[in-house]
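What follows is calculated from the coordinates using simple rules that are stated; it is not laboratory data. Just so we're clear, the structure is a prediction, and the values are computed from it rather than from any experiment. Please note: Cβ atoms are built from the backbone with ideal geometry, for glycine as well, and neighbour counts cover all protein chains shown.
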Amino acid sequence: MNKEQIGWKACMKGMGRFVSPYKGKLLVAVLTTVFATAIYSLNPTIEGLATTQLARDASEILQGVSGAHVHFDKVFRILALLGTSYVTRALALLVSAFFLTNAIQQTMHDLRGALQKKIQKMPVSYFDEHAFGDVLSCVTNDVDTLSNALQQTLTRVISGVLTFILAVSMMLRINVAMTLIALIIIPLVALITKVFVKRSQDLFDIQQKTVGQLNGAITELYGGFNEIISYNKQEDVEKQFEEVNQKMRNSAFKAQFVSSLISPCVSLVTYLTIGTCAVIGCLQVIQGTITIGQLQAFVRYIWQINDPLSQVSQLSAQVQAAFSAMRRIFTLLAEKEEDQGGKAEIAKDKIEGNVTFEHVQFGYDKELLMKDVNIDVKKGQTVAIVGPTGAGKTTLMNLLLRFYDVKGGSIKIDGVDIRDMKREDLRSLFSLVLQDTWLFSGSIYDNIRYGRQNARKDEIISAAKMANVHHYIRTLSRGYDSLINEEANNISQGEKQLLTIARAILKDPQILILDEATSSVDTRLERRLQEAMLRVMEGRTSFVIAHRLSTIRDADMILVLRDGDIVEQGTHEELLAKKGMYEKLYHSQFAGQNFDEVC
Ligand SMILES: Nc1ncnc2c1ncn2[C@@H]1O[C@H](COP(=O)(O)OP(=O)(O)OP(=O)(O)O)[C@@H](O)[C@H]1O
C-alpha cells in the first residue's frame with residue numbers, strides 16, 4: 001500500500017462520509033447511552049441513602065432512644081427506586097446497543113463495498129507494486145478491526161467521559177477537600193497512559209502492517225499449492241511462512257504487552273487513592289461532617305472515575321489498532337484510479353478492427369523495452385506473434401488493451417487513438433483467450449455466459465458447439481449445470497481453454513487476443529482446440545501469441561519479437577525467404593528446439 005499514508009483528519013473526514021447516512025441511528029444510540037450513564041451516576045447516592053437510614057436507625061436503637069426501630073418502609077422505598085433505576089438503565093443500554101450495532105454494521109457494509117469497487121478501478125500497474133493479499137486484507141481484516149473497535153469503544157468513550165463528569169460533580173457535593181485528594185488520580189493516570197500509549201501506537205502500526213504481509217504471504221504461497229507439492233517444497237514454504245509468522249508474533253506480543261501494562265498501573269494508583277480517602281472520610285464521619293452513606297457513595301464514585309480512566313487506557317489499544325486500519329482503508333480509497341479514458345464516441349458495431357501501432361515506445365520502468373514498434377493490421381487479419389520468452393509478446397497485448405499506456409507514439413483502432421476512447425468501450429471490442437484460463441466457481445452455463453450476460457440459452461449452446469466443447473459438456477451428468485469448483489481443477493486444461501473460447505465466441509468481439517496453449521494436450525484435444533480457434537478467429541482481427549506451426553504458417557502477418565522490438569515482419573513465405581531469425585525459429589520447431597535456444 002502507499003507508503004504515504006493519509007493523516008487522521010482525512011481519515012475522520014472519510015469516516016464521516018460513510019457514517020453520515022446512519023447518523024439518526026447513531027444519535028439514538030448516543031442519547032440512550034447518555035441517559036443510561038446519568039442513571040448510573042445517581043445509583044451510589046441512592047445506595048448511600050439506604051445505608052445512612054439503616055445506620056441512623058441502628059444508632060438510635062443502640063442508644064436506647066424510645067420508639068427507635070428500623071424504618072423498613074423507608075429502606076424498601078429507596079431499594080425500589082434503586083431497582084427501577086437498574087432496570088431502566090439496562091433497557092436504555094439494550095436500545096443503545098441495537099442502534100449502535102445496526103449503524104456500525106451498515107457503515108462497514110458500505111466501506112467493504114467501496115473498497116471492492118475501488119480495487120476494480122485500480123490500474124493494472126498498481127498490482128505490480130502491491131501484493132494482492134495485502135490489498136485484500138484491507139477489505140477483510142482492516143474493516144473487521146475497525147468494526148470491532150467502533151462497536152466496543154464508541155459508547156464506552158461517551159459513557160466514560162460522562163460518568164467521569166457526573167461522578168466528580170457528585171463527589172464535590174459530598175466533600176470538596178476529599179474530592180481534590182481523589183482527583184490526584186488524574187494526572188498520574190494521564191502520565192502513565194501517555195508514556196505507554198505513545199510506545200504502543202508505533203507497535204500497533206507495525207502489527208497491522210504485518211497482518212497485511214501475512215495475508216500476502218499466504219495468498220502467494222498457497223496460490224501455487226500444486227507446484228509446491230510437486231517440487232517437494234513444503235519445507236521451504238513452511239520456512240518462509242514461519243518467518244512472517246514469527247514477525248507477526250513478535251509485533252503482536254510487543255504491542256499487546258505494552259498496552260496491557262497500562263491497566264495494572266492505573267489500578268494501583270486507584271487503590272492508593274481509595275485507601276487515603278477512606279481514612280480521611282472515616283474521620284469526617286466521626287466529626288459528623290458527612291454521613292456514613294455519603295462516605296460509601298464517595299468510595300463508589302472513586303470507582304466510577306477509575307472505570308472510565310482504566311477503560312480509556314484499555315480502549316486506547318483498540319482505538320490505535322482501529323486508527324491504523326482506518327489509515328490503510330482510506331489510503332487505499334484515496335489512491336489514484338485508472339482514468340476512464342477519452343471522450344471519443346465509438347459505436348461498437350461500426351468498428352471494423354483495423355489496428356495500427358505507430359512508433360510505439362514503452363517500458364515498465366524508466367528503461368525502454370520497446371523503442372519503436374510499428375504494426376499495421378487490417379480488419380480480419382490474423383497476426384501471429386512469435387519470439388523467445390521475455391521478448392515482449394504479452395506486453396504488446398497489454399498495451400493494446402491499455403493495461404499500460406505507451407510512453408511514446410500511439411496505438412489506433414480504425415484511426416482512433418485508444419487513449420481517446422473510453423476504456424470500457426475499448427475493452428468491449430476485445431475477447432481474450434489466454435493460456436492461463438480463468439473460470440470462476442459456478443456452472444458451466446454461467447461461465448460461458450460471462451462473455452455476454454444477456455445471451456439466450458440457445459446462443460450459449462451454439463457458442464459451445466462452435467468451440468468444440470458441447471459434446472464434452474453433454475457427457476457430464478449435469479450438462480451445462482455442472483459446477484466448476486473455485487480452482488477450476490475439476491476439468492482439464494484443454495477443456496478449460498475450450499470453454500473460454502466459447503465465452504469469447506459468445507461475446508462476438510471485433511478483435512481477438514489468443515494465447516495458444518503450449519502445455520501438451522493430447523492430439524485429439526489439440527485438434528479440437530485448433531479447430532475452435534480457427535472458428536473464433538474467422539472474420540475478426542486476431543492477435544495470436546503463437547506456438548503452433550499451423551497458426552504461424554496461415555497467419556496474414558507474422559511479427560518476430562526480440563528484446564521488446566519487432567525484428568522481422570511479414571508472411572511466412574516472405575520471412576522464410578529473408579533467411580533471418582524467423583527462418584531459424586521455424587526450423588528450430590522441427591528440430592524440437594525452443595525459441596530461447598535459437599535466439
Ligand atoms: N508488470 C511488469 N513489470 C515489470 N516488468 C515486466 C512486467 N511484465 C513484464 N515485464 C518484463 O518485460 C519484458 C517482456 O515481458 P513479456 O511478458 O511481455 O514477455 P513475453 O514475450 O510475453 O514472454 P513469455 O513468452 O515468457 O510470456 C520481460 O523482461 C519482463 O520481465
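Only Cα pairs under 8 Å and 6+ residues apart enter the sum, and on that basis the relative contact order of segment 1-160 stands at 36 percent.
The alpha-carbon of LYS198 sits under 14 angstrom from the alpha-carbon of none of the aspartates and glutamates, leaving out residues fewer than 8 places away in its chain. I'd like the orientation of helix 262-287 relative to the chain: the angle between its Cα long axis and the longest Cα principal axis, in ° from 0 to 90, rounded to 10. Relative to the chain, helix 262-287 is tipped by roughly 20 degrees.
Relative to the longest principal axis of the Cα atoms of the chain, helix 234-260 runs at roughly 30 degrees. Counting neighbouring beta carbons within 10 Å and listing from fewest to most, the residues GLU60, GLU238 come out as GLU238, GLU60. Filter the cross-link list LYS336/LYS379; LYS348/LYS457; LYS23/LYS247; LYS371/LYS507; LYS209/LYS393 down to pairs whose alpha-carbon distance in this structure exceeds 28 Å. Violating the 28 Å limit, Cα to Cα: LYS336/LYS379; LYS23/LYS247; LYS371/LYS507; LYS209/LYS393. Based on the Kirkwood approach, the hydrodynamic radius assigned to segment 5-102 is 17.0 Å, with every pair of different Cα atoms included.
Other residues within the sphere of radius under 15 Å centred on the Cβ of ASN232, judged by their own Cβ, net out at -2 (K and R +1, D and E -1). Per-residue 3J(HN,Hα) values for segment 151-162, derived from phi via the Karplus relation 6.51 cos²θ - 1.76 cosθ + 1.60 with θ = phi - 60°, read 4, 8, 9, 4, 6, 5, 5, 4, 5, x, 5, 5 Hz in sequence order (x marks Gly and Pro).
Counting other beta carbons within 10 Å of each residue's own, what order do CYS265, CYS138 fall into, fewest first?
CYS265, CYS138
By the count of other C-beta atoms within 10 Å, a proxy for reagent exposure, ILE165, ILE461 are ordered fewest to most as ILE165, ILE461.
Once you compute Rg and the Kirkwood Rh from C-alpha atoms, what is the Rg to Rh ratio for the chain?
1.19
Computed on the Cα trace of segment 159-201, the radius of gyration divided by the Kirkwood hydrodynamic radius gives Rg/Rh = 1.12. Under the rule a/c < 1.5 gives rounded, and otherwise a/b versus b/c splits prolate from oblate, where does segment 233-273 land using the Cα gyration tensor? Judged from the Cα gyration tensor, segment 233-273 comes out prolate (a/c at least 1.5, a/b above b/c).
GLY409: net charge of surrounding residues, Cβ under 12 Å, Lys/Arg +1, Asp/Glu -1, itself excluded?
Around GLY409, the surrounding residues sum to 0.
Charge tally around ALA36: other residues with Cβ under 14 Å, Lys/Arg +1 each, Asp/Glu -1 each, net +1.
Normalise the Debye intensity by I(0) for segment 351-418, one equal point scatterer per Cα, no solvent, then take log10 at q = 0.21, 0.29 Å⁻¹ and round to two decimals. Values returned for q = 0.21, 0.29 Å⁻¹ are -0.90, -1.48.
Compared with the dominant Cα axis of the chain, that is its longest principal axis, helix 72-121 is turned about 20°. The Stokes-Einstein estimate for segment 8-334, based on a Kirkwood radius over Cα pairs and taken at 10 °C with 1.306 mPa s viscosity, is a diffusion coefficient of 67 µm²/s. The mean sequence separation of alpha-carbon pairs under 8 Å and at least six residues apart, normalised by the residue count of segment 348-598, gives a relative contact order of 27 percent.
Database remark: amide H of LYS422 closer than 5 angstrom to the amide H of GLY342, ALA344 (H placed geometrically; neighbours at sequence offset of 5 or more, or on other chains; Pro and chain starts carry no H). Amide hydrogen proximity for LEU434: with H placed 1.01 Å from N in the peptide plane, the residues at 5 or more positions away or on another chain lying under 5 Å are ASP515. When only Cα pairs below 8 angstrom with a gap of at least 6 residues are kept, the chain shows a relative contact order of 15 percent.
Within segment 348-598, the proportion of C-alpha pairs whose separation exceeds 30 Å stands at 29%. Give the lysines whose C-alpha is closer than 20 Å to that of LYS74, dropping any in the same chain fewer than 8 places away, or say none. Correct list for LYS74: empty, as no lysines qualify. Taken about its Cα centre, segment 388-509 carries a charge dipole of about 140 debye when Lys and Arg each add +1 at the Cβ and Asp and Glu each add -1 at the Cβ. By the rule of a C-alpha distance below 28 Å, with chain neighbours fewer than 8 residues away ignored, the lysines paired with LYS25 are LYS9, LYS13, LYS117, LYS118.
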